[in-house]
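Novice: Pasting in a structure now, in structure tokens, and then I'll have a few things to ask.
The values are calculated or read from the model by the stated rules, or taken from the named source; none is laboratory data. Source: prediction; values computed, not measured. Don't worry about glycine lacking a Cβ; one is built from the backbone with ideal geometry, like all the others, and counts go over all protein chains shown. Surface accessibility is based on the protein's heavy atoms, side chains included, excluding ligands, DNA and RNA. Shrake-Rupley method; radii C 1.70, N 1.55, O 1.52, S 1.80 Å.
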Amino acid sequence: MADSGTRSSTVYHDAAKTLQGKITLDGVNVFYGPKQAIHDVSMVIPDRSVTAFIGPSGCGKSTILRTINRMNETIDIARTEGSIRIDGDEVNSKAVDPVILRARVGMVFQKPNPFPKSIYDNVAYGPRIHGLASGKRDLDAIVETSLKKAGLWDEVADRLDQPGTGLSGGQQQRLVIARAIAVSPEVILMDEPCSALDPIATAKIEELIDELRENYCIVIVTHSMAQAARVSQMTAFFHMGDLVEYGPTEDIFTNPHEPRTQDYITGRFG
Amino acid sequence: MNNQLHAHTVRAYSDELNALSDEIARMGGLCESQVSDCIAAVMRRDPALADQVVEGDHQVDALESATEKRVIRMLALRQPMASDLRATIAAYRISGDLERIGDLAKNIARRTHELNKSEPLELTRSVERMGKLVVANLHRVLDAFSAGSAEEAIAVCRSDEEVDEHYNSLFRELLSFMIEDPRTITASAHLLFVAKNLERIGDHTTNIAEMIHYLVTGNELHREIRRDPGDVA
């Protein structure tokens, strides 16, 4: 276990090895201009399970999340070092088209961001631009399946032509998840997907996450420790750009090994 | 108990956790004197002291109920995690064991009146020795709780073996006593129950030690570890 005095945060966990690894981070450093935001993070994120990233604001959890689908590239001064592999494929390889990568690795943000289009078009957009549907009937089927998987179909089936922005916050977030699912991703990244939602809408999203993990590798950044405990199988705790501790969620919340993890999850940080 | 950790950002939460361990310490101290008093009552054939123990059990029960309420409140309102979660659960379980110890002490005290109806038995001394060991272990386990010492907790678990041996030999001796002289059967039977209750107090003390080990280390104390001194690092 990394001693708290060093900057190295290479923390593998045996449990991650026994689960089928989907994403492998190896010596990942991220810089914003001259400032180093992530220090030498290495971890294996298992497939078909939910991995939660927790830590105080500014600890680098969202930054790490965004390296997985190269979203940091959209920030000019951001620079990523190290290896990030999905099923062994190097994400940062020149041969990888970020647009294709982001279809493989879907993302859901804190604030639901449906397109100013109909509910139908929101979901159909991805399959259309990626040429995933062979015709109208095929596209209809993708839209219906995606909305069903996102637990939204019953609420919107009779008003698919209405604007997605007219839905409630929780419905919008599920619409965005349906949009991500529609392009058949392998990984879904969620950056505080429930922080703008009320408890009922949050519970629906959490239920959805639990169902989705049967088919996807899900990584969720959350400020709510209770949410991390409820939805995830693995939890990673970040602090000041270090991966401090990574292990099965149950262990992290009942018996963390690192004093910094202990202090954070019990509310003793200060 | 929480001294080695930083204080909580929410001070009232730290206060509640401290109050919880204070309550356990208070309840433990009370139980310790209940157990030593009940043994003294039997030894000295002192009915007044016996009544005092019986009366004192209400206080133990009240403390258990207060602890239970506090634990439920904390689980509902604070959602304790990690070491706080373990401290809360351990307090709940320990208070349950202490309450049972209180009941067993009361039961021993009540037998004073019955034992006083017959001639003193020679074996009462063996019971006294066993009682001293049980009280010593209880004292030690409460110290282990205050100090947050997993090593001491393991030592208490091991020491319970000796209590069990005491009980087994007393059982055999009392049995032969009864066979030899059937007139001692009533008193011997009561003394046997006293010994049995002391043995049960030893078991509850062991449970407390196991909870302390869990509280401090986060790991269960496995049977093998506590049985085999060679196993411990």
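Novice: Could you state the number of Å between the C-alpha centres of the range B:14-46 and the range A:194-264?
Specialist: Centre-to-centre distance over Cα atoms comes out at 41 Å.
Novice: Give the span of the range A:18-129's Cα atoms along each principal axis, as three whole-Å numbers ordered largest to smallest.
Specialist: 43, 35, 32
Novice: Could you grab the relative contact order for the range A:120-258? Cα pairs under 8 Å, six or more apart, rounded to a whole percent.
Specialist: 19 percent
Novice: Can you give the average number of partner chain beta-carbon atoms within 10 Å of each beta-carbon in peptide A:252-261, as a whole number?
Specialist: Partner-chain Cβ atoms within 10 Å, mean over residues of A:252-261: 3.
Novice: In addition: Averaged per residue, what accessible area in Å² does chain B show with a 1.4 Å probe, protein chains only?
Specialist: 48 Å²
Novice: Of the residues A:57, A:195, A:134, which exhibits the maximal mean-square fluctuation in a Gaussian network model of chain A defined by a 10 Å Cα contact cut-off?
Specialist: In the Gaussian network model the winner is A:134.
Novice: Can you list the lysines whose alpha carbon sits under 19 Å from that of residue B:69, skipping same-chain ones fewer than 8 residues off?
Specialist: Filter leaves no residues.
Novice: Related question: What's the tally of Lys pairs in chain A whose alpha-carbon atoms lie under 24 angstrom apart, where the two lysines are 8 or more places apart or on different chains?
Specialist: 18
Novice: Counting partner chain Cβ atoms within 10 Å of every residue's Cβ in B:83-90, what's the average? Spell out each step's value before the answer.
Specialist: Working: counts 8, 5, 5, 2, 1, 0, 1, 0.
Mean shielding by partner chains, rounded to a whole number: 3.
Novice: Continuing with the same structure: Taking the Cα centre of the range B:11-231 as origin, sum charge times position over the Cβ atoms of Lys and Arg (+1) and Asp and Glu (-1), and report the length of that vector in debye to the nearest 20.
Specialist: 340 debye
Novice: Any chance you could get the radius of gyration and Dmax over the Cα atoms of chain B, in Å?
Specialist: 19.4, 69
Novice: Still on this model: For chain A, what are the DSSP H helices with axial Cα length of 15 Å or more and mean Kyte-Doolittle hydropathy of at least 0.0? Before the final figure, lay out the partial values.
Specialist: Details: long enough: A:119-129 (16 Å, -0.10); A:136-149 (20 Å, -0.72); A:169-181 (18 Å, 0.02); A:199-212 (19 Å, 0.32).
Correct list, ordered by number: A:169-181, A:199-212.
Novice: How big is D, in µm² s⁻¹, for chain A by Stokes-Einstein at 25 °C and 0.890 mPa s if Rh is the Kirkwood radius over C-alpha pairs?
Specialist: 129 µm²/s
Novice: How much FRET efficiency would the formula 1/(1 + (r/R0)^6) give for residue B:22 and residue B:76, where r is the Cβ-Cβ distance and R0 is 25 Å, rounded to 0.05? All intermediate terms of the calculation are to be shown ahead of the outcome.
Specialist: Numbers: r = 21 Å, r/R0 = 0.82.
Between residue B:22 and residue B:76 the formula returns 0.75.
Novice: Once neighbouring chains are kept in place and the probe is 1.4 Å, which whole percent of the accessible area of chain A is contributed by carbon and sulfur?
Specialist: Carbon and sulfur together cover 51 percent of it.
Novice: Below 28 Å, Cα to Cα, which lysines can residue B:117 reach? Residues fewer than 8 away in the same chain don't count.
Specialist: Correct list for residue B:117: B:106, B:132, B:196.
Novice: Using only Cα atoms and rounding to the nearest 10 degrees, what angle (0 to 90) does helix B:82-115 make with the longest principal axis of chain B?
Specialist: 20 degrees
Novice: Order B:196, B:132, A:94 by their accessible area, 1.4 angstrom probe, all chains in place, largest first.
Specialist: Most to least solvent-accessible, the answer reads A:94, B:132, B:196.
Novice: Could you tell me how many degrees, from 0 to 90 and to the nearest 10, lie between the Cα long axis of helix B:47-77 and the main elongation axis, the longest principal axis, of the Cα atoms of chain B?
Specialist: 20 degrees
Novice: Follow-up. What order do you get for A:210-219, A:170-179 when each peptide is scored by the mean count of other beta carbon atoms within 10 Å, highest first?
Specialist: Peptide ranking by packing, descending: A:170-179, A:210-219.
Novice: Considering every residue in A:222-228, what mean count of other chain Cβ atoms within 10 Å of its Cβ is obtained? Could the numbers behind the result be given before it?
Specialist: Details: counts 0, 0, 0, 3, 2, 0, 0.
Averaged over the peptide's residues, the number is 1.
Novice: Further question on the same structure: Taking the DSSP beta bridges in the protein assembly as shown as the whole, what percent of them are antiparallel, to the nearest 5?
Specialist: If I count the DSSP bridges inside the protein assembly as shown, around 55 percent turn out antiparallel.
Novice: Another one. With a 1.4 Å probe, what is the total accessible area buried between chains A and B, in Å² rounded to the nearest 100?
Specialist: About 1100 Å² of accessible surface is lost on pairing.
Novice: From the convex hull of the Cα coordinates of the protein assembly as shown, what is the mean projected area in square nanometres? Please list the in-between numbers first.
Specialist: Values: hull surface 121.2 nm².
Its Cα hull, projected and averaged over all orientations, spans 30.3 nm².
Novice: Another question, if that's okay. As I understand it, the value is the acute angle between the Cα axis of helix B:185-217 and the longest principal axis of the Cα atoms of chain B; what does it come to in degrees, rounded to 10?
Specialist: 20 degrees
Novice: So, R0 is 60 Å and r is the distance between the beta-carbons of residue B:129 and residue A:136; what FRET efficiency does that work out to, to 0.05?
Specialist: The calculated FRET efficiency here is 0.10.
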